[in-house]
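First the structure, in the form of C-alpha cells, and then the observations on it.
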Amino acid sequence: MQPTSKATSQAISQANDPSADHPTIVVGGGFVGLFTALHLSHQNYSHPILLIEQNDRFSFKPLLYELLSHELHSEQVYPRYQDLLAGSRVKFVQDTVTTIDLHQKQITVASGQQYDYGNLVLALGSKTTYFHTPGADRHTFPLTNGAEAIALRRHLRTRLHEALQLKTCAERRALLTVAIVGAGPAGIELACTLADLLPIWYDELGGDSHEIRIVLVNRSRELLKGDINSQLRCTVQRALKQRQVEFLFDAAVSEIQSDRLHYQQHKQDHTLNAGTIVWTAGTSPNSLLMTLPIAAENRDPRGRLIVTPMLQLPEFPEVFAAGDCAITPSNPQPPTAQVAYQQGQAIAQNLKLQTEGKALLPVQVYLRGTLMKLGLNEGVANLFNKVQIKGQPGHLMRQATYLRLLPTPAHNARITTEWLTDELLQRHRPFTPMQLGQTPFLQGMAAIAASLILASPLAWRAAQPQQFQQSLHWSGIPTLLDQWVTAKR
Amino acid sequence: MNYLFNLRAAVIANRITLGVFFFFSGIANYLNFGIPNGFYQTVLTQKLQIIGPNIPPGWEGIGPLPALIAVPYGWLLPLAEIVLGALFALNYWVRWTGLLLILMTFSIVLAFGIIPAGSLVPNAAESFNKNILFMTLIWVCIAYEAHEQKMSRRRTRAIEESNLMTSNHDM
C-alpha cells in the first residue's frame, strides 16, 4: 500500500514546524503508550520522549487473572514504570492529564504543570462503564488493572474467612456466591479462573468447597456476542459447564447493593444474593476524549476518535491515537493486546519517519489468532481462526505468547525464564495439579526428555569411551568427567 | 514450626531426597560403568545373594545372570535410575515411577542380599540392606499420592452432588 500524497505533504510541513523541538508526549501508559515510548527510545528518536500516566505501575491486562490467582506475581505482570523505563530515554511523569489543547499543542496535568509538545500520542485506553446502573460503581469490583485484581483477591480471601465464621449453610452460600456481570471474554475468563481457584482456597482454609457458587449474569442469551473470540463459544461453554458455573441469561441488572444484585428476567424481578459482585459488562472511551475539539464526523457513535490508516487525527496530523480510544473505519481492529502492541510499534515508526521528513506508512496489523484463559492451567489458543489448541497445551501457548509481549527485552527474558522454570519444576505454584485433578503431562514429558538428554552422553561415554573422548574433546566435557570420576575414587 | 510437623511437607521432602538419590546414582553408574570392578562388571559377574552370604547354606552364589538378561539390565538400569529419579523427585506420575523404582531396588536387594554381612549383629558392617528402607519410603510416597487423589475425587463429587441439589429459587 502506497502512502498518500496528503501524508507526504503533512510530513514535510511537520519537519519545518518550529514546535518540532518540543518533546513528543505519550499520554497513557497502556500497551499502546508504553510500547510507543519504548520503541521510540530504541530507534534513537531525536526528540525528548515524555510518558504521562496516572498510575505508577504498568498493568499487563491479559494476565490479570494470573495476578489474581497468584500464578504470576506483581513484578511479572504489574511492574513499575520506573523499572521498565530504566536505561531508556523515556521520561516518566506520574500525573493525571486534565486538559489537552490541540490547537496550542499544550497539555495540562492535575498538579498544574503544563507541557508543550511537538507530537502527541493519545493512548488513553478505556474505562469501565456501568450504564447508569444504580449502585454498580460502589458495590462491584472492576478488573481492568493490577490494583483492581489485587483488591478483588483480598476481598475474596476476606469473604472466605468470613464464611467460615457463619453457622448456617444458607448464610455461607450467600457470602460465597460470586456474581460476574457480563459474559464477554473478561467475564468468562474470570468465571473459569474463580471456579477453579476458590474451591482450592476455601478447602485449604478448612471449608466445604461445594458451598462456593460462581454465577455469570448476562443481558443476552449468547456468550461472547460480537466478540473476536465468538468462534470459541462451544469450547468456552464446555469449560464453564465442566466447572459448574451457573448462567443467568436474558438478565438485565437493574440495581446493585452491597450484598445483592437485582435483575429483570422475562419481565420479572429477581434478586441474587452474592458476597462478591464483579463488573465486566462494558467499557467506554476515556472522558478526556470528549473534551477534545474534534468534529462529530471524526468520531464514532461511542465517542472514539476516527484516525487515518497512519493512526493520525485527520485534523491534527501531529497527533496520533490508537488502542481503545481510536478506530480506523477502513480497517477496524479488536481491542486486544496484540493489536495495541503492533500499533505502538507502528506509531513509533511513523513518528520517526515524520521527524525525518519522510512519508508515513499505513499501519498493518497481523492477527495471529486469539487466546483465552479457561481456568487454572487451562486455556484455548485459536490459531489463525483455524486450529484450536485446548487444555494445558492451550494454557502454555497462551502464557508463552503473552509473556513474549512483555515490555523491554531484559524484563521479558527474566520473567519468561522465571515462568518456564516455575512451570517445569512446579514451584511457586498456588495449587498443585492434583488439586485441579490434572496430570502434568507436558512437564512430565519435558522432564523425561531432559533426563534422556542428560543420560545420552553418559551412556555414550560408557559404550564408546575412545570415540566419546575424541568427539567431545573440544568441549572439555570428557576431561571434566574423568577428573570427577578420579576425584570420587 | 508447624511446617516441620506437616505431613505433606515431610512426604515431599522424602520424595525429593529419594528421587535425587536415584538420579545421581544413575549418573554415577554410567560414569563408573566400564572400570574394573565397576558397575557393568558387577552386573555381569555378581552372583545373586538373595538373603546374604552363608545364609542358608546352598542359597548363596546363585548365578551370575545370563548375558541375555544381564547386558540389557546393566545398560538400562542407570538410565532408568536417571529418568525415574527425576520424575519421582519432580512429582510426575509418582505411583508408576515409584512402583518401577521399588522393582528396581528389589532387584538390587536380590543381588546383594537382605543381610549383606551375613548376620543381623555384625561388627562394623552393614547389617541390613538399606535398599529395603528405600522401598518402604517409596511406598509411603505412593500411598500418600493415592490418598490425596482420593480426597480430590471426593471433593469433586461433593461439588457435583451439591450442584444437583441446588434449585434456582434460592437466587
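The values are calculated or read from the model by the stated rules, or taken from the named source; none is laboratory data. These figures come from a predicted structure and were not determined experimentally. Because the Cβ atoms are built from the backbone with ideal geometry, glycine has one as well, and the counts that use them run over all protein chains shown. Please note that ligands, DNA and RNA were not included when accessible areas were found on the heavy atoms of the full protein model with its side chains. Shrake-Rupley method; radii C 1.70, N 1.55, O 1.52, S 1.80 Å.
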- Task: Scan the range A:140-168 for residues that are open to solvent by 60 Å² or more (accessible area, probe 1.4 Å) and either assigned to a helix (DSSP H, G or I) or touching a residue at least 12 places away in the same chain (Cβ under 8 Å) (or both) and jot them down.
- Result: A:Arg154, A:Arg157, A:Thr158, A:His161, A:Glu162, A:Leu164, A:Gln165
- Query: Which ones in the range B:26-45 are more than 8 Å from chain A (Cβ to nearest Cβ) and closer than 21 Å to B:Phe88 by Cβ?
  - Reply: B:Asn29, B:Phe39
- Item | Residues (surrounded by 16 or more Cβ atoms within 10 Å (Cβ to Cβ), within 13 Å of another protein chain (Cβ to nearest Cβ) and in contact with a helix residue (DSSP H, G or I) (Cβ under 8 Å, 6 or more places away or on another chain)) located in the range A:202-240 | A:Tyr202, A:Asp203, A:Gly207, A:Asp208, A:Ser209, A:His210, A:Glu211, A:Ile212, A:Arg213, A:Ile214, A:Leu216, A:Leu240
- Among the residues of the range B:111-131, how many are surrounded by fewer than 16 Cβ atoms within 10 Å (Cβ to Cβ), hydrophobic (A, V, I, L, M, F, W, C) and within 20 Å of B:Phe22 (Cβ to Cβ)? 1
- Item | Count - residues of the range A:241-252 that are crowded, with 19+ Cβ neighbours inside 10 Å and touching a Leu at 6+ places or on another chain (Cβ under 6 Å) | 1
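Here is a yes/no grid of residues against (1) modelled with pLDDT of 90 or more; (2) within 14 Å of another protein chain (Cβ to nearest Cβ); (3) in contact with a helix residue (DSSP H, G or I) (Cβ under 6 Å, 6 or more places away or on another chain):
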site: B:Leu68; (1), (2), (3): no, no, no
site: B:Leu77; (1), (2), (3): yes, yes, no
site: B:Leu87; (1), (2), (3): yes, yes, yes
site: B:Leu103; (1), (2), (3): yes, no, no
site: B:Phe112; (1), (2), (3): no, no, no
site: B:Gly118; (1), (2), (3): no, no, no
site: B:Val121; (1), (2), (3): no, no, no
site: B:Ala124; (1), (2), (3): no, no, no
- So, first residue farther than 14 Å from A:Leu481 by Cα and in contact (Cβ under 8 Å) with a residue 24 or more places away in the chain in the range B:16-35, second residue outside any helix (DSSP H, G or I) and open to solvent by 20 Å² or more (accessible area, probe 1.4 Å), Cβ within less than 9 Å, six or more apart or across chains; the pairs are B:Ile16/B:Leu90; B:Ile16/B:Asn91; B:Gly19/B:Leu90; B:Gly19/B:Asn91
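Out of A:Pro393, A:Pro430, which single residue is of a type outside the set (Gly, Ala, Ser), over 29 Å from A:Thr283 (Cα atoms), open to solvent by 50 Å² or more (accessible area, probe 1.4 Å) and touching a Phe, Trp or Tyr at 6+ places or on another chain (Cβ under 9 Å)?
Only one candidate qualifies: A:Pro393.
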- Task: Could you grab me the full set of residues in the range B:14-39 that are open to solvent by 50 Å² or more (accessible area, probe 1.4 Å) and modelled with pLDDT of 85 or more?
- Result: B:Ile16, B:Thr17, B:Val20, B:Phe21, B:Phe24
- Message: surrounded by fewer than 19 Cβ atoms within 10 Å (Cβ to Cβ), on the phi > 0 side of the Ramachandran plot and not basic (Lys, Arg): which single residue out of A:Gly323, A:Gly357, A:Gly375 fits that description?
- Response: A:Gly357
